Structure formats: structure tokens, C-alpha cells
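Derivation of every value follows stated rules applied to the coordinates shown; laboratory data play no part. Bear in mind the structure is a predicted one, so any value in this text is a computation, not a measurement. Glycine gets a Cβ as well: all are built from the backbone with ideal geometry, and neighbour counts include every protein chain shown.
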Amino acid sequence: MLDWRRYRYGASAIVDNAYERGNRNNGLHNGRLCAASRRLGRVLGWARRSSLAPGVPGPGIQQLGELASGIKVCALLIMPGPFSEIRKAAASAKVPCWPNPSGLTVLLTENLRRFFGRYLAGIAILGPAVALAFDAQANWLLRSWGYGDNFISYFPQFRALYTFLATTGIASRVDIADFHILDFFLWWTIFISLVLFVARVIYLRQYDDFYQKRSVAIARLSHWIRALLYVGVILLPIELYVFTQPIMIYSETLRSLNRDDPKVYLWVVSINYFAVGCLYVELILWGLWKIFRQHRPGVVLWRQSDESWKEL
């Protein structure tokens with residue numbers, strides 16, 4: 001078992017150190033990071049107090065999942081300045097960057113990226129909420145896709161979650177239609193992730209400016225803030241796994257949520273899968289660009305004018 005107190009106060013110490021460095025390098029508002037540090041301590045303390053029902057043993061992976069959740073909350077709280085710089089770098093990037101692109105290149109790069117941000121991501125986030133609110137109508141439509149009354153999901157983690165909620169009585173209402181919706185939108189996430197991945201791999205050179213500016217923006221972050229981000233990214237899959245396991249559903253918050261409105265819990269599960277999936281696709285693409293473009297011998301990277309880089 002992990003020493004929870006050590007990780008709780010160790011994380012707070014890392015955040016305090018990040019504030020001292022980030023305040024010098026990024027001009028963060030005085031006290032913001034310290035307040036976020038205290039917030040992280042409260043998050044981790046709350047997670048530990050509400051972790052398990054009496055008598056239920058818990059392995060260390062649960063605490064790692066809760067730690068990842070705390071780091072994610074902390075990162076969102078303490079880094080609006082650095083995150084805004086990263087977003088600014090991505091927004092100012094030229095895609096496609098190489099001159100004289102064809103119409104197909106523009107369609108599968110910039111147009112697809114904007115269409116994803118405006119519509120596809122919105123469907124993945126708001127779609128499950130609307131479908132769960134009108135579950136009977138949504139399930140009627142899904143019947144034509146093979147979602148019958150005797151079928152739960154193509155994914156074993158969702159089948160196990162349905163069985164657990166249905167047999168334990170933790171959830172006030174367990175409807176197989178809700179899991180059909182959850183299953184469908186996970187397939188939707190996989191589909192749009194594959195489309196974006198394939199399109200970007202084909203036109204990877206057209207993202208030279210995008211990834212160069214993002215790399216510069218991240219490199220300008222302080223050492224401790226980058227470390228916090230890297231640890232959070234590594235632990236995110238553990239958080240995603242633990243969130244649908246009985247070991248976490250026994251927590252006071254999720255038990256209360258499933259008792260009052262289990263549809264909200266399933267909606268949060270759907271959003272988590274979408275967010276983590278898109279994040280890891282983007283990280284893989286960034287890694288491929290660094291391997292096959294930035295660090296590959298003989299490759300010439302596109303470089304925008306020096307004036308645009310000074311504005312970054």
C-alpha cells in the first residue's frame with residue numbers, strides 16, 4: 001500500500017516549488033499557485049476519507065487513480081497562464097504550413113481540425129447527455145445497429161460495470177439502454193480519433209509549424225510544472241480504469257451520485273473516455289512528429305518568419 005500522507009504532502013511541496021519557479025518565469029499571479037497547492041491537499045485528503053466502504057480492501061492502484069485525479073484538478077487550477085500560452089501557440093500556427101497546398105490537403109488538415117473542434121467534439125460531449133435524457137428514443141434508434149435487449153456492450157469494462165450496478169443495488173436505476181448509449185459514444189470516440197490520426201499522419205509535414213510552436217511553449221514552462229503535467233498524463237489511464245471499478249464506486253461521492261442520478265455518472269464516464277482518448281492520440285502524433293520530422297536526419301522543417309515567432 002502507498003503511504004497516502006507522503007504523496008499528499010509531497011504533491012503540495014511540488015506545487016509550491018512550481019509556484020516559486022513559475023512566478024519568475026511566467027509571471028503568475030502571486031498566491032494563485034499556493035492556493036491551488038492547498039486545494040490539491042484538500043482534494044487528496046477528501047479522496048482518502050471517502051475512498052472505500054468499511055471492510056472493502058483497496059490496492060494501491062486506487063490511490064494512484066485518486067492521485068491522478070488530484071494532479072489533474074491541480075493542473076487545471078494552477079496553470080491558466082501556461083495553458084493560455086500553449087493555446088496561443090496552437091492558434092497562431094499555420095496549418096497547412098508548406099506553400100501551395102492542394103484542396104484535399106487543406107480539407108484534411110485545417111478544415112478537419114476546425115470541424116473537429118466545432119462539431120465532432122461537441123457531439124462527443126453533449127451527445128451522450130442528450131441521448132441519456134431521451135434514452136428510450138435513443139435506444140430505439142440503436143436497435144438498428146444491433147443493440148438488442150439481451151446485449152449490453154461490446155466492451156468488457158462496460159459489461160462488468162452494468163453487472164455490478166445491477167446486482168449491488170448501488171444505482172437507483174440501471175437501464176440497459178444507458179449502456180447502449182455509452183457503448184455507442186465510445187465507438188464514436190474511437191472513430192473520430194482514428195480519422196484524425198490517419199489524416200494527420202498522412203499530412204504530418206503540414207503540422208511542422210503547429211508542433212514546433214507547441215514544443216517551444218511547453219519548453220518555456222518551469223521544470224516542476226512540466227513534471228506535474230507528465231506525471232498526470234502517465235497516471236490518467238489508471239484514473240480512467242479506476243473510475244469504473246467497484247473499488248471507486250464505493251466512494252461516498254460516486255455512491256451518492258449513482259443513488260441520485262446514475263445517468264450523470266455514465267455521462268462523466270463517457271466524457272472521460274473521450275478526453276483521455278483524444279489526449280493520447282495527440283500525444284502519439286506529437287511523438288511521431290518528433291521522431292520522423294524533428295529528429296530524423298535529412299528532414300527540413302518548415303519555419304515561419306522570425307517576426308511571428310517573436311510574438312509567441
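Would you please give the FRET efficiency between residue 94 and residue 130, computed as 1/(1 + (r/R0)^6) with r the Cβ-Cβ distance and R0 = 25 Å, to the nearest 0.05? Show your work: numbers first, answer last.
Values: r = 36 Å, r/R0 = 1.43.
Once rounded, the FRET efficiency stands at 0.10.
Mind putting a number on the dipole of the stretch 167-299 about its Cα centre? Charges go on the C-beta only, +1 for Lys and Arg and -1 for Asp and Glu, and I need it in Debye to the nearest 20.
So the magnitude is around 740 debye.
List the extent of the Cα atoms of the stretch 174-309 along each of their three principal axes, largest first, rounded to whole Å.
Projected onto the principal axes, the Cα atoms of the stretch 174-309 cover 58, 34, 26 Å.
Using the Kirkwood radius built from alpha carbon pairs, what does the Stokes-Einstein equation give as D for the stretch 102-183 at 20 °C and 1.002 mPa s, in µm² per second? Write out the running numbers ahead of the final one.
Values: Rh = 14.8 Å.
Rounded to a whole number, D works out at 145 µm²/s.
Pop the C-beta distance of residue 226 and residue 204 into the FRET formula with R0 = 25 Å and round what comes out to the nearest 0.05.
0.55
In nm, to one decimal, how far is the residue 241 label point from the residue 264 one, both placed 7 Å along Cα→Cβ?
Label at residue 241, label at residue 264, 2.9 nm between them.
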